[in-house]
Amino acid sequence: MVSDPNRTPLIQKAIEKCVKPGMRVFDLGCGTGILTLTALKKGATVYACEVDPKALSFAKKNIAKAGFSDRIVFFDQLSSHIQLPEKVDVILCELIGSLAFNENILPFINDARTRFLKTGGIIIPQSISLYVAPLHLEIEKISQKKKSFHQFPFMITKIKPKSLLSKEINLIDVDFLKSDFAGIDCEQKFTISKKNILTGFGGWIKVTWRDGFVTNTAPTSPLTHWKQAYLPLAQSQNINPGDQILFRLRIGPRQDDSEFTLEPIIEWGYK
């Protein structure tokens, strides 16, 4: 995130536009404190939580060095386990993965919004959209580069536009001020436009941090740290123009897990 020019500066600009001196800000999953520091520089008092001890230690040292220790309170627990002493004007949260929801942002945002956000408060990011398309990738070549490929349910890679086998579909849009989803379970139908071998599906996102500050990870957009997500099929299939494919994607807590898990289940399929 630190070195991503197509993501981090846009989030910082959104914070600089929205945060005013004296505001209260909650940074949900502050990491090393990059966004926390941006809010502090704008004159806010910040509450920040982070469960990674190394990241939290770095954030504390970095913010102390910048001279803002008097306006920040850190928590070393999940946001769902803490109480803030007051409501906040702004919630910051960058728990976003290449498939939008694979870091389980939804239940954490919902909980923080319900318990911590003032009436009329804002959330950065404002909204997120997930796009999906069927595609052909040479799996053998990818597997050689990523030897652990088959150990993971999906992989992060750069998808070329020519690999797409139909027009992409906007699978879901989420407005973080309004959403009450704990996870997603979506179906969409594709019409194939090329004769080829279907090996899987690609996914990418468009994040609106605030109006005018948008990160798009489509294959035709500048590359970001997220790249694109590749969801491979267990068995490839020959396809032809005009073929109809019904795709389904589910991301959410496992049945025996709390909704606040950091490792949601990700399932996909087609027929």
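Any read-out appearing in this document is the output of simple, stated calculations on the displayed coordinates, not a laboratory observation. The structure presented is a predicted model; accordingly, all values stated were derived computationally and were not measured. Positions of Cβ are backbone-derived with ideal geometry, glycine not excepted, and every protein chain shown enters the neighbour counts.
Worth pointing out:
- Rel. contact order, % - alpha carbon contacts under 8 angstrom, at least six apart, the chain: 19
- Footprinting exposure proxy for GLU50, GLU267, GLU259, GLU86 (fewest neighbouring C-beta atoms within 10 Å first): GLU86, GLU267, GLU259, GLU50
- Full-extension gain in nm, ALA55 to SER236, via 0.36 nm per residue minus C-alpha separation: 61.1 nm
- 5 angstrom amide H check on VAL73, placed H, neighbours 5+ away: VAL46, TYR47, ALA48
- Close amide H pairs (under 5 Å, H built 1.01 Å from N) link ARG210 with GLN126, residues at least 5 positions away or on another chain.
- Order of PHE75, PHE201 - criterion: other Cβ atoms within 10 Å of each residue's Cβ, fewest first: PHE75, PHE201
- Using θ = phi - 60° and Karplus 6.51 cos²θ - 1.76 cosθ + 1.60, couplings along region 124-130 (whole Hz; Gly, Pro as x): 10, x, 7, 7, 8, 10, 10
- The string of couplings for region 199-216 from the Karplus curve (6.51, -1.76, 1.60, θ = phi - 60°) is 10, x, 10, x, x, 8, 9, 10, 10, 9, 5, 8, 3, x, 10, 10, 10, 10 Hz, one whole number per residue in order, with x for Gly and Pro.
- Span per principal axis, largest first, for the Cα atoms of the chain (Å): 62, 34, 33
- For the residue pairs LYS167/LYS195; LYS13/LYS158; LYS194/LYS271; LYS162/LYS206; LYS167/LYS194; LYS17/LYS41, alpha carbon separations beyond 22 Å are given by LYS13/LYS158.
- Kirkwood hydrodynamic radius over Cα pairs of region 127-270, then Stokes diffusion coefficient at 25 °C and 0.890 mPa s, in µm²/s: 151
- Label-to-label distance, LYS13 versus ARG250, with points set 7 angstrom from Cα along the beta-carbon direction: 4.0 nm.
- The chain: antiparallel DSSP beta bridges as a percent of all, rounded to 5: 75
- Model label sites at LYS87 and THR119, defined 7 Å from Cα along the beta-carbon direction, differ in position by 0.7 nm.
- Considering all C-alpha pairs of region 8-94, those separated by over 19 Å amount to 29%.
- Under 5 Å, built H, 5+ apart or other chain: amide partners of MET23: THR45
- Within the straight-line cut-off of under 15 Å between alpha carbons, the aspartates and glutamates reachable from LYS160 are GLU138, GLU168, sequence neighbours fewer than 8 places apart in one chain being disregarded.
- Using θ = phi - 60° and Karplus 6.51 cos²θ - 1.76 cosθ + 1.60, couplings along region 68-81 (whole Hz; Gly, Pro as x): 10, 4, 7, 10, 9, 10, 9, 10, 9, 10, 4, 4, 5, 9
- Calculated FRET efficiency, THR220 to LYS195, Cβ-Cβ distance, R0 = 25 Å: about 0.65 to the nearest 0.05.
- Average Cα contact separation per residue, region 127-270, under 8 Å, 6 or more apart, as relative contact order %: 30
- Relative to one another, the C-alpha centroids of region 163-218 and region 62-85 are positioned 34 Å apart.
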